[in-house]
Amino acid sequence: MKKNIRNGASFRSGSTLCNARGRVYTSCGTPVFCYAATRCGDMKSEHFQINIPLNPFYPDLFSNFVHLITGEGQVNIPFYMTVLVFVSIVLLGAICAGIIGSLSGLGGGIVVIPLLTIVLGVDIHYAIGAALVSVIATSSGSAAAYVKEGITNMRLGMFLEIATTAGAVAGALISTSAPSSSIAVLFGCALIFSAGNSLRKKEEKVVTDSSTLAKKLKLPSHYPLTKDKEISYGTKNVIGGFSMMGLAGMLSGMLGIGSGAFKVIAMDTIMKIPFKVSTTTSNFMMGVTALASCVIYVQKGYIVPDICLPVMIGVLVGAMIGSKILIATDPKKLRVLFAFIIFFLAANMIYNGIKGNI
Amino acid sequence: MQLTDRMMQKIVGNVLRYGVRTVLSVGILGGVIFLIEHANETVDYSNFVEKDQHIFTVVDQIFIGVGDLDGRSIIYLAILILFFTPLLRLLLSLISFILEKDSLYIAITILVLLIICLSVYSGFAH
């Protein structure tokens, strides 16, 4: 693996940056706390290990940044990223991911996976686990508001959850045996699809008639438009929507994403449910869908608390900031910008997946 | 029926909201303890080590860890509470469908719960 090339590599002492307090600085400005650095003075001709994940954007540039310190001769410091540095970077990154996720309408989990895998060199399985935990948190947080407003169609959600949970279990089981690189490529493709879909024009169309199966399942419902005005809507093509939901659930379980884009397509495009109801119901379903695959993730060791916590808090905070920005600005222009950022991340994931870097 | 639907929506909304708040407070507490204990240790998550533990074993270990005030276990406890919010939401929906005597949706909810239980068995030991 590329990111581990530098493991165990020894460096000649270049520019000396170690200070008396025992800190080691890389030229990119990040203080890397180095537990052996207090021995600065007596470090001579031992080998030291570098375990900073290399940034694949500039692998050589980055490794050039890693200068070490000493007096004369070679230096030997066990040189890893510490928990504090790692957690801080993940937290900040997850806040950005949460903001991008809520402004682009894709959710923070989908942005946090490239951050963890490409920038920090975390294995994609751990990244998936952390992202899915954050998906449950954000969906529960925002679903709370929608459910109270009465826009969510709880019956529809419950019925379609049969498909999404079954798909999620299948997807999570597939991901345990799938190699990281192929998951990365598939993730990139799902990301591109979702980004493209977020740019699609949405028209609020309401159909009034329903298919017989939909009526039997009591799926047609109504949602409040204003305080005393309600809109009734019908539901069509239940089987088509149900199958698409199975696929959405499978992607969610395999890739650790909420796969909201796929869920909304199932409801809005196939079943002809109004867009507002589709998005809120999709959000409502995410928690239960994610739960089905999370149970498998826990048993397979995907869930690492020290990655999950900063990701979860960061994405939640980012989503809150994002919703404030959404109120203050016109989201249309922002969406195009963020769709491009996400497209770039996706291309990067696919490229690194094919090259086997992930 | 309309009335119970509305009430249900309120209760479910509250469960989701307070669930997330509880998770955050427990998680932050665990995170602080974890950082105090382990801030200067090193991390390496570049290689995935697959585990094969039953969820009850994991939960057992977490509770033992929480008893010892281990930061990681407290964070994990918060994650488990997070998992309980959608589960609780499912159980509440089941209750509301039972109150409405809607046998079709009672069956559907039970089916969803069964699939989640199935994931416990399919994920472990194969």
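The values are calculated or read from the model by the stated rules, or taken from the named source; none is laboratory data. Keep in mind it's a predicted model, so treat the numbers as computed, not measured. Virtual Cβ from ideal backbone geometry, glycine too; neighbours counted across all protein chains shown. Surface areas here come from the heavy atoms of the whole protein model, side chains and all, with no ligands, DNA or RNA. Shrake-Rupley method; radii C 1.70, N 1.55, O 1.52, S 1.80 Å.
Report, by residue number, each residue of the stretch A:237-259 that is open to solvent by 20 Å² or more (accessible area, probe 1.4 Å) and under 17 Å from A:CYS189 (Cβ atoms).
Of everything in the stretch A:237-259, those that are open to solvent by 20 Å² or more (accessible area, probe 1.4 Å) and under 17 Å from A:CYS189 (Cβ atoms) turn out to be A:MET244, A:LEU247, A:MET250, A:LEU251, A:MET254.
Mind listing whichever residues of the stretch B:20-56 are assigned to a helix (DSSP H, G or I) and acidic (Asp, Glu)?
Applying the first criterion (assigned to a helix (DSSP H, G or I)) to the stretch B:20-56 yields B:20-38, B:55-56.
Matches in the stretch B:20-56: B:GLU37 only.
Applying the selection to the stretch A:112-139, what residues are in contact with a Pro (Cβ under 7 Å, 6 or more places away or on another chain) and either modelled with pLDDT of 85 or more or under 21 Å from A:THR279 (Cα atoms) (or both)? Full working, then the answer.
Looking only at the stretch A:112-139, we keep the residues that are in contact with a Pro (Cβ under 7 Å, 6 or more places away or on another chain), and these are A:118, A:120-121, A:136.
Once the filter is applied, which keeps residues that are in contact with a Pro (Cβ under 7 Å, 6 or more places away or on another chain) and either modelled with pLDDT of 85 or more or under 21 Å from A:THR279 (Cα atoms) (or both), the stretch A:112-139 yields only A:ILE136.
Considering the stretch A:133-185 alone, what residues qualify as being among the polar types (S, T, N, Q), surrounded by fewer than 24 Cβ atoms within 10 Å (Cβ to Cβ) and facing chain B (nearest Cβ under 8 Å)?
A:THR176, A:SER180
Provide a single number: the residues in the stretch B:67-90 that are open to solvent by 40 Å² or more (accessible area, probe 1.4 Å), assigned to a helix (DSSP H, G or I) and out of contact with any Pro (no Cβ under 8 Å at 6 or more places or on another chain). It would help to see each step written out before you state the result.
Taking the stretch B:67-90 as the starting set, the residues that turn out to be open to solvent by 40 Å² or more (accessible area, probe 1.4 Å) are B:67-70, B:72, B:81, B:84, B:87-88.
With assigned to a helix (DSSP H, G or I) added as a condition, the list becomes B:67, B:72, B:81, B:84, B:87-88.
So of that shortlist, the ones also out of contact with any Pro (no Cβ under 8 Å at 6 or more places or on another chain) come out as B:67, B:81, B:84, B:87-88.
So the count comes out to 5.
Residues in the stretch A:300-316: is at least one under 18 Å from the mean Cα position of the chain (by Cα), farther than 18 Å from A:LEU191 by Cα and open to solvent by 30 Å² or more (accessible area, probe 1.4 Å)?
Within the stretch A:300-316, one or more residues are under 18 Å from the mean Cα position of the chain (by Cα), farther than 18 Å from A:LEU191 by Cα and open to solvent by 30 Å² or more (accessible area, probe 1.4 Å).
Inside the stretch A:320-350, can you point out the residues that are surrounded by 13 or more Cβ atoms within 10 Å (Cβ to Cβ) and farther than 18 Å from A:SER194 by Cα?
Of everything in the stretch A:320-350, those that are surrounded by 13 or more Cβ atoms within 10 Å (Cβ to Cβ) and farther than 18 Å from A:SER194 by Cα turn out to be A:MET320, A:ILE321, A:GLY322, A:SER323, A:ILE325, A:LEU326.
Residues in the stretch B:112-125: is at least one under 30 Å from B:MET7 (Cα atoms), out of contact with any helix residue (DSSP H, G or I) (no Cβ under 7 Å at 6 or more places or on another chain), more than 7 Å from every other protein chain (Cβ to nearest Cβ) and assigned to a helix (DSSP H, G or I)? It would help to see each step written out before you state the result.
Within the stretch B:112-125, the subset under 30 Å from B:MET7 (Cα atoms) is B:112-117.
Those left that are additionally out of contact with any helix residue (DSSP H, G or I) (no Cβ under 7 Å at 6 or more places or on another chain): B:114, B:117.
From what's left, more than 7 Å from every other protein chain (Cβ to nearest Cβ): B:114, B:117.
Those left that are additionally assigned to a helix (DSSP H, G or I): B:114, B:117.
Yes.
Restricting attention to the stretch B:53-71, which residues are at the interface with chain A (Cβ under 7 Å from one of its Cβ atoms) and more than 16 Å from the chain's Cα centre (by Cα)? It would help to see each step written out before you state the result.
Filtering the stretch B:53-71 down to residues at the interface with chain A (Cβ under 7 Å from one of its Cβ atoms) leaves B:53-55, B:58.
Passing the criteria: only B:GLN53.
Give me a count of the residues in the stretch A:221-235 that are modelled with pLDDT of 85 or more and assigned to a loop (DSSP other than H, G, I, E, B).
Final tally of qualifying residues: 2.
For the stretch B:77-104, which positions are at the interface with chain A (Cβ under 9 Å from one of its Cβ atoms) and without any contact (Cβ under 8 Å) to a residue 12 or more places away in the chain?
B:PHE83, B:PRO86, B:ASP102, B:LEU104 - these are the residues of the stretch B:77-104 that are at the interface with chain A (Cβ under 9 Å from one of its Cβ atoms) and without any contact (Cβ under 8 Å) to a residue 12 or more places away in the chain.
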